[in-house]
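The values are calculated or read from the model by the stated rules, or taken from the named source; none is laboratory data. Note that this is a predicted model, so its numbers are computed, not measured. Here Cβ is always computed from backbone atoms with ideal geometry, including for glycine, and neighbour counts include all displayed protein chains. In case anyone asks, the SASA skips ligands and DNA or RNA and just uses the protein heavy atoms, side chains included. Shrake-Rupley method; radii C 1.70, N 1.55, O 1.52, S 1.80 Å.
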Amino acid sequence: CLPVQAEFSIIAVALAYESSIQVNSYNQAGRRLRAMLSPRSAPPVRERARRHRETDNGYRRRMACYMIAARCLNASVMGMVVTASTSMMYELVDRGSRSMKKGSSSQHALVQRFSTNLGTVATLASFLTGPVVGALLDSVGRLPSMVLALMLSGVARLSVATKPSLALYFGYRVLISISTPAFINAISAALGDLYGRGSEDFLEVNLWASRCVLPSLVLGTSIGSRFKKPRQVFLACGLCQIAIASFLALACKETIHRRGGVSSLSIDLLNPLACLKTYRRSAALTSLGLLSTCRELATHLSVDAVYNRQRFPAWGTKEESTQMIVAQLCAFLSTFFTQPLIRRFGHQGATSLQGLCDAAGLLVTAFAPRMEVLYAVPLLTLVQCGCASVQQAVQWEASIQGVGQGELSSAEANRGFLPSLVMPHLFTGVYVRFSEKLPAAPYLLAAAMHVAVAGIAVPEAFSRLNPEAPQRS
């Protein structure tokens, strides 16, 4: 009896163990079924799909191609309208003061004052709205920001083309000063999401974007010079931008990892100075911010159109378009020398080299003996890569400190507020003061600023970089 009882005991234990295994398997299957049917399982599924797309090189290349194509089309629009804007300003100013003689020094000075005051108001608007735009990039998303910026620009240009006036043109320029940087920053932020901020891949895709954008600018400038009336240019550009926005909305997908939504926006964004705390995250960011501000001081020289017309009576819209085409072609070719120059001279040396080249270009423009010499000034851009050097260092340091791209872009915009507000008035005042005796005075002042920045500010800033940042020299 004992062996039989032992055998029955063993069988009972085995059956109990098997039933417990089945119960556990049923419980696990039930948990999996409930997890599949539960709405809480949706975010992990979407998260896995997002991660799969991010690691898919084909997806990244496709999204980058769509965004670069949209930026190229918008660059063509900008090339078309850039020369028409000066003609539109002269036309609108002539309407308001018909007694003024065309081509006189007083007319050029009046147009320059109007342009400077317009730039001041546009800069103030960009300064006040910069934090909100940057927060929208990080909270609402890159794609909605792109589409909204293009739609607003297109509607504004259509309005100017339909009923041109000084007041409407004034509002248009203010709106463009907000929407255009928002679109470019959204494209750059999306590419950073796809390829990694401050990485070599990110620099490479940005260079490819520049190589595609610059020929589009040349094409747009060439097309814009064929229009006889500036209103026709504004009409065509407005329609094109609305079409580009529709293309982006249909073809692209959002690239940001986490979005807080509109509810994540706070009242602190209305304080434009709040974004400047971004540069206080580290000593390297502070030094790079100061360097960028110093480099931008002399770039706000905006008397070229008036100064060239004063020195050379034959200078006009056609000559401006030709010079711009040469400048855009040189900028396109310079993208092939950017990385070799940075490797050869280092980030510090490349930034100093650009400052010296900028100073040389200003002196040649100021004292050119013939009008044709001005077409050769853009050749200096072939050896200029300081902007890419500083921007790569800023992106790298910001990624180390955990600064969002929208936050960084708004901080960059607000950082340049005071220079963009003060320096155009300074250069315009110097030009108006010495327009009769020494009209080249603004160029001499700007050239001296470039030399001082290249010799003093650049070495001091790059000496404070984080050791993990790109090479300094």
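The table below lists the values:
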{"quantity": "Stretchable slack from residue 434 to residue 299, in nm (0.36 nm times residue separation minus alpha-carbon distance)", "calculated": "46.6 nm"}
{"quantity": "In order through region 307-324: 3J(HN,Hα) via Karplus (6.51 cos²θ - 1.76 cosθ + 1.60), integer Hz, x for Gly, Pro", "calculated": "5, 5, 5, 6, 6, 10, x, 7, 6, x, 5, 5, 5, 4, 5, 5, 5, 5"}
{"quantity": "For region 224-233, Karplus couplings with θ = phi - 60° (6.51, -1.76, 1.60), whole Hz, Gly/Pro x", "calculated": "x, 6, 8, 7, 7, 10, x, 5, 5, 5"}
{"quantity": "Computed accessible area, residue 315, all protein chains, 1.4 angstrom probe, square angstrom", "calculated": "10 Å²"}
{"quantity": "Heavy-atom accessible area ranking, 1.4 Å probe, most first, across 304, 201, 138", "calculated": "201, 304, 138"}
{"quantity": "Entries in 163/228; 228/318; 253/277 that, when Cα-Cα distance is taken, lie over 23 Å", "calculated": "253/277"}
{"quantity": "Contour minus Cα-Cα distance for residue 336 and residue 314 (0.36 nm per residue)", "calculated": "4.5 nm"}
{"quantity": "Range of Cα positions in region 324-473 per principal axis (Å), largest first", "calculated": "52, 33, 28"}
{"quantity": "Inter-label distance, nm, simple model (7 Å from Cα along the C-beta direction), residue 229/residue 120", "calculated": "3.4 nm"}
{"quantity": "Pairwise FRET efficiency - residue 463 versus residue 163, Cβ, R0 = 45 Å, nearest 0.05", "calculated": "0.25"}
{"quantity": "In Hz, Karplus ³J(HN,Hα) per residue of region 134-146 (6.51, -1.76, 1.60; θ = phi - 60°; x = Gly, Pro)", "calculated": "x, 5, 5, 4, 8, 9, 6, x, 6, 5, x, 5, 4"}
{"quantity": "Peptides 405-412, 222-229, 189-196 ordered by average Cβ neighbours within 10 Å, highest first", "calculated": "405-412, 189-196, 222-229"}
{"quantity": "Of all accessible heavy-atom area on region 293-358, the percent that carbon and sulfur account for (1.4 Å)", "calculated": "64 percent"}
